[in-house]
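Asks: Take a look at this one; I'll ask things after.
The values are calculated or read from the model by the stated rules, or taken from the named source; none is laboratory data. Treat the numbers as computed from the prediction; the structure is a model and nothing was measured. All Cβ positions, glycine included, derive from the backbone under ideal geometry; neighbour counts span all protein chains shown.
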Amino acid sequence: RNNAEKFEFQAEVSRLMDIIINSLYSNKDIFLRELISNASDALDKIRFLSLTDKEVLGEGDTSKLEIQIKLDKEKKMLSLRDRGIGMTKEDLIKNLGTIAKSGTSAFVEKMQSTGDLNLIGQFGVGFYSVYLVADYVEVISKHNDDKQYVWESKADGAFAISEDTWNEPLGRGTEIRLHLRDEAQEYLEESKLKELVKKYSEFINFPIYIWASKEVDVEVPADEDESSDEESSDRTSSEEGEDEADKSEDEDTEKKKTVKETTYEWERLNDVKAIWLRSPKDVTNEEYVKFYHSLTKDFSDEKPMAWSHFTAEGDVEFKAVLFVPPKAPHNLYQSYYNSNKSNLKLYVRRVFISDEFDELLPKFLSFLMGLVDSDTLPLNVSREMLQAHSSLKTIKKKLVRKALDMIRRIADEDPDEFSGKDEKDVEKSGDEDEKKGQYTKFWNEYGKSIKLGIIEDATNRNRLAKLLRFESTKSDGKLTSLDQYISRMKSGQKDIFYITGISKEQLEKSPFLERLKKKNYEVIFFTDPVDEYLMQYLMDYEGKQFQNVSKDGLKIGKDSKSRELKDSFKELTKWWKGTLKTEDVDEVKISNRLDNTPCVVVTSKFGWSANMERLMQAQTL
Ligand code: ADP
Ligand code: MG
């Protein structure tokens with residue numbers, strides 16, 4: 001084309017495309033769900049803009065928020081059209097080729113090691129999956145702020161952009177034309193496309209149509225000169241043969257007959273009743289799992305660990321679905337303090353508002369995925385006004401409660417977990433195998449979040465403490481809970497004992513444990529750096545105080561000899577205190593916490609433990 005401008009793909013993108021083009025990955029179907037997901041995102045965007053400016057939608061067909069699929073067997077072309085926001089010339093250049101997203105190289109690496117393309121959407125490069133099935137792709141796009149442009153590429157390192165002077169005007173939106181490779185001709189079959197849309201795009205909230213063929217009976221006049229009529233020239237010879245017979249029989253009756261004709265019409269492929277609007281009892285587990293996959297673009301085989309679907313009523317009304325993903329994102333804690341990113345999508349009365357709305361969940365729950373659809377929040381206000389809306393606080397509070405209940409349920413339903421009930425009273429559900437060990441799995445992925453929650457969320461501290469797991473002198477290498485600890489406490493034991501340090505192995509040798517072990521007291525090992533901070537916030541649990549056994553104040557039952565000992569060593573302790581400087585020690589005392597070791601240095605009750613000193617030192621280095 002003579003008005004085309006040429007561009008080179010950014011290097012990483014080019015590499016990505018090469019790999020896709022040459023990939024032996026067998027599941028090529030995924031390109032369709034990526035295109036539909038992009039179309040749906042574009043529709044969400046224009047719908048959002050239309051909340052504050054109705055004009056943006058335009059008139060007539062242009063205003064219809066829908067997705068259309070068309071097949072052209074002759075041209076071996078599959079096209080997908082949306083009436084979404086569209087792309088300006090600049091958008092086309094940036095979004096489809098010159099600006100690499102942060103996920104591009106991460107995905108290239110992943111693909112080189114696993115060959116698995118399934119997660120392409122999660123990395124923000126889903127569009128390029130079109131080259132699994134096409135060797136030439138055209139993207140025609142019209143944005144309200146620009147003219148209509150065509151982007152095209154044969155994935156040979158370059159793409160071209162031209163002002164579109166030859167195609168039908170789109171009004172607004174994007175049409176993607178895939179010129180299918182020879183080995184991908186199956187995507188020209190209507191039945192195949194229908195099956196794929198059902199399979200992958202069931203939860204798209206805009207109607208998806210296919211230009212479907214239909215055999216219909218039509219009545220045509222059967223007059224004598226009909227066989228020579230031009231209009232009937234597409235009929236088969238056998239039909240014409242019948243004609244002859246008809247003619248002789250129906251000579252003086254109505255000269256009409258029925259023939260089959262292929263017509264085309266838009267056939268709706270999805271039902272857009274959002275899953276979260278349905279009653280939870282009508283939604284199957286399988287549907288939730290599929291919804292999770294489509295929501296998160298995580299199309300791996302793994303199921304979410306748990307979900308919660310509920311409606312909140314009262315002053316603030318909303319519906320929500322929350323999921324615990326099977327795995328924590330790799331950078332969950334790395335970016336914890338710099339980012340606040342929530343993974344909940346916010347809808348207001350069915351309209352998608354944002355997936356970067358951080359006011360919905362506290363930071364420590366940012367690993368949750370899901371959505372909230374509010375009826376109370378106003379629709380046609382700016383994002384800033386939404387963020388300051390008073391009902392957000394209530395929504396957040398309720399979401400946290402529900403999230404903690406959901407996490408608690410993972411533990412309650414896990415047969416490996418301590419329920420506090422008698423074995424035989426515990427109700428066994430059918431899918432016990434699936435639930436077995438789930439809480440340990442949860443803990444390994446998200447335990448740190450629970451601890452951060454205890455530190456940050458005073459209101460839910462006790463609820464969160466119930467979810468804590470740790471090892472102890474009696475847990476036998478397994479994880480145990482505070483409730484379990486309490487159930488094993490010795491009669492007369494008032495406090496919950498714990499010790500902090502680098503590792504369990506190191507702590508097991510600690511002289512602080514000598515006497516406690518001998519007397520059969522259980523001591524919790526806290527070995528995560530965050531534990532030291534945690535214990536500054538977690539003062540008590542179920543009416544019991546926590547006692548760091550390396551700190552002053554440890555009481556191990558009653559010792560009848562203590563008074564006597566104190567007296568007989570009075571001179572020694574006095575001498576010692578006099579000899580050591582007051583900056584070094586507060587006090588020298590007779591203790592009953594040791595067994596073999598003659599003496600230990602103990603931290604004062606409100607001072608930093610040795611482990612905390614170590615951590616603080618590590619931080620300032
Ligand atoms: P992602 O959807 O995760 O952003 P993609 O590779 O699928 O990544 O798409 C890249 C970008 O191209 C999108 O972010 C969007 O800006 C743009 N885009 C793709 N398809 C469309 C479309 N149908 N309408 C408007 N913009 C689109
Ligand atoms: Mg996409």
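Asks: When you go through Phe299, Phe323 one by one, which is the residue that is of a type in the set (A, V, I, L, M, F, W, C) and either within 16 Å of ligand 1 (Cβ to nearest atom) or exposed (fewer than 13 other Cβ atoms within 10 Å of the Cβ) (or both)?
Replies: Only one candidate qualifies: Phe299.
Asks: Which one is farthest from ligand 2 (Cβ to nearest atom), of the residues in the stretch 44-69 that are within 21 Å of Leu188 (Cα to Cα) and surrounded by 22 or more Cβ atoms within 10 Å (Cβ to Cβ)?
Replies: Of everything passing the filter in the stretch 44-69, Ile69 is farthest from ligand 2 (Cβ to nearest atom).
Asks: Does the stretch 9-29 include one or more residues that are within 16 Å of ligand 2 (Cβ to nearest atom), within 24 Å of Glu202 (Cα to Cα), buried (at least 17 other Cβ atoms within 10 Å of the Cβ) and modelled with pLDDT of 95 or more?
Replies: No: zero hits.
Asks: May I pose another question? Within the stretch 567-596, which residues are modelled with pLDDT of 80 or more and closer than 21 Å to Phe525 by Cα?
Replies: none
Asks: Same structure again: Please go through the stretch 389-407 and give me each residue that is surrounded by fewer than 16 Cβ atoms within 10 Å (Cβ to Cβ) and under 21 Å from Gly437 (Cβ atoms), ordered by number.
Replies: Answer for the stretch 389-407, where residues must be surrounded by fewer than 16 Cβ atoms within 10 Å (Cβ to Cβ) and under 21 Å from Gly437 (Cβ atoms): just Asp405.
Asks: Output the residue which, of all residues in the stretch 89-135 that are hydroxyl-bearing (Ser, Thr, Tyr) and near ligand 1 (Cβ under 10 Å from one of its atoms), is surrounded by the fewest Cβ atoms within 10 Å (Cβ to Cβ).
Replies: So the residue we want is Thr104.
Asks: Quickly run through the stretch 454-475 and pick out the residues that are under 15 Å from Pro529 (Cα atoms) and either at pLDDT below 95 or assigned to a helix (DSSP H, G or I) (or both).
Replies: Within the stretch 454-475, Ile454, Ile455 meet the criteria.
Asks: Another question, then. State the number of residues belonging to the stretch 45-80 that are acidic (Asp, Glu) and over 16 Å from Lys142 (Cα atoms).
Replies: 3
Matching residues to (1) in contact with a Pro (Cβ under 7 Å, 6 or more places away or on another chain); (2) in contact (Cβ under 8 Å) with a residue 60 or more places away in the chain; (3) outside any loop (DSSP other than H, G, I, E, B); (4) under 19 Å from Lys519 (Cβ atoms):
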position: Asp586; (1), (2), (3), (4): no, no, no, no
position: Ile590; (1), (2), (3), (4): no, no, no, yes
position: Arg593; (1), (2), (3), (4): no, yes, no, yes
position: Asn596; (1), (2), (3), (4): no, yes, no, yes
position: Val600; (1), (2), (3), (4): yes, yes, no, yes
position: Lys605; (1), (2), (3), (4): no, no, no, no
position: Trp608; (1), (2), (3), (4): no, no, no, no
position: Glu613; (1), (2), (3), (4): no, no, yes, no
position: Met616; (1), (2), (3), (4): no, no, yes, no
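Asks: Here's something else I'd like to know. With respect to the numbered conditions (1) of a type outside the set (Lys, Arg); (2) within 11 Å of ligand 1 (Cβ to nearest atom); (3) part of a helix (DSSP H, G or I); (4) surrounded by 18 or more Cβ atoms within 10 Å (Cβ to Cβ), which one is the sole condition not fulfilled by Asp41?
Replies: For Asp41, the exception is condition (4).
Asks: Being away from ligand 2 (no atom under 11 Å from the Cβ) and either in contact with a Cys (Cβ under 7 Å, 6 or more places away or on another chain) or not in a helix (DSSP H, G or I) (or both) is the filter here; which residues of the stretch 86-129 pass it?
Replies: Hits for the stretch 86-129 are Gly86, Met87, Thr88, Ile99, Ala100, Gly115, Asp116, Leu117, Asn118, Leu119.
Asks: Identify, by number, the condition in (1) out of contact with any strand residue (DSSP E or B) (no Cβ under 6 Å at 6 or more places or on another chain); (2) under 28 Å from Ile590 (Cβ atoms) that Tyr498 doesn't meet.
Replies: (1)
Asks: Anything in the stretch 148-162 that is crowded, with 16+ Cβ neighbours inside 10 Å and either in a loop (DSSP other than H, G, I, E, B) or of a type outside the set (A, V, I, L, M, F, W, C) (or both)? List them, or say none.
Replies: Gln148, Tyr149, Glu152, Ser153, Ala155, Ser162, listed by residue number.
Asks: Sticking with this one: In the stretch 272-296, which residue that is free of Cβ contacts under 8 Å to residues at least 12 places away in the same chain and in a loop (DSSP other than H, G, I, E, B) is surrounded by the most Cβ atoms within 10 Å (Cβ to Cβ)?
Replies: Checking each candidate, the answer is Arg278.
Asks: Now for a different question. Which one of Glu138, Glu175 is without any contact (Cβ under 8 Å) to a residue 60 or more places away in the chain and either surrounded by 16 or more Cβ atoms within 10 Å (Cβ to Cβ) or more than 16 Å from ligand 2 (Cβ to nearest atom) (or both)?
Replies: None of the other options fit; the residue is Glu138.
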